[in-house]
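Following: one structure in structure tokens, then a few remarks.
The values are calculated or read from the model by the stated rules, or taken from the named source; none is laboratory data. These numbers were taken from a predicted model, which means no experiment stands behind them. With ideal geometry, Cβ positions are generated from the backbone for all residues, glycine too; neighbour counts draw on all protein chains shown.
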């Protein structure tokens, strides 16, 4: 079981029910990117998302995109790839390499929100036992991975990358198959996430899940 702390009152974050409708659940600007603030935020379903030259922006979008493990869609090709054991899955073996790979340039994108502040903050969260990485390796080469925050039975997914086809899907499959989590938070919808079984739920349903599983 991954260690976690009991929620504590904190005046820095408003109740998530007061999240702005536009733009997409922006709550506040400012604050700090340290372990204490991040834990308070994630326990309320709030996460940071900002560009290099912006203040720290805190978000709680509604509806919320989540993946319930029993809804994870595993294509026949993904199942076949897993059976072939061509790739090796590891956990928390190289968190820094995973987050830096997630921050790398991507086709069709001019930049990344995973800036140096974010990288440093999540490395601190990893060292504190709350942020985790799953790595996909071909031999010793890191070819895919994902990282996120684990609190209780909820995994808050942050980002993933693949240098070969389906590498990040193998990491997600490993996360689902671990049976450690009741819900994987995906934050915002994409066609890729929907193809894997992610759905949108209301803020009320999301907050109820956090209260039940954290």
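Points to keep in mind about this one:
- Boolean, residue 145 is crowded, with 17+ Cβ neighbours inside 10 Å and farther than 15 Å from residue 68 by Cα: yes
- Scanning region 29-55 for residues that are outside any helix (DSSP H, G or I) and in contact (Cβ under 8 Å) with a residue 40 or more places away in the chain yields a total of 10.
- Residue check for residue 204: in a helix (DSSP H, G or I) and surrounded by fewer than 16 Cβ atoms within 10 Å (Cβ to Cβ): yes
- In region 191-204, of all residues being within 14 Å of residue 160 (Cα to Cα) and touching a residue at least 40 places away in the same chain (Cβ under 8 Å), the one that is farthest from the chain's Cα centre (by Cα) corresponds to 196.
- Filtered residues of region 146-182 (kept if in contact with a helix residue (DSSP H, G or I) (Cβ under 6 Å, 6 or more places away or on another chain), free of Cβ contacts under 8 Å to residues at least 40 places away in the same chain and closer than 23 Å to residue 59 by Cα): none
- Single residue of region 72-81 satisfying the filter (within 9 Å of residue 173 (Cβ to Cβ) and either in a loop (DSSP other than H, G, I, E, B) or touching a helix residue (DSSP H, G or I) at 6+ places or on another chain (Cβ under 6 Å) (or both)) that is modelled with the lowest pLDDT: 74
- Within region 116-148, the set of residues being closer than 14 Å to residue 34 by Cβ and outside any helix (DSSP H, G or I) comprises 128, 130, 131.
- Flag for residue 207 being modelled with pLDDT of 95 or more, under 17 Å from residue 42 (Cβ atoms) and over 16 Å from the mean Cα position of the chain (by Cα): yes
- Among residues of region 165-190, those that are over 16 Å from the mean Cα position of the chain (by Cα) and surrounded by 15 or more Cβ atoms within 10 Å (Cβ to Cβ), counted: 2
- Taking region 17-50 as the range and being at pLDDT below 50 and either surrounded by fewer than 18 Cβ atoms within 10 Å (Cβ to Cβ) or on the phi > 0 side of the Ramachandran plot (or both) as the test, the residues that pass are 17, 18, 20, 21, 22.
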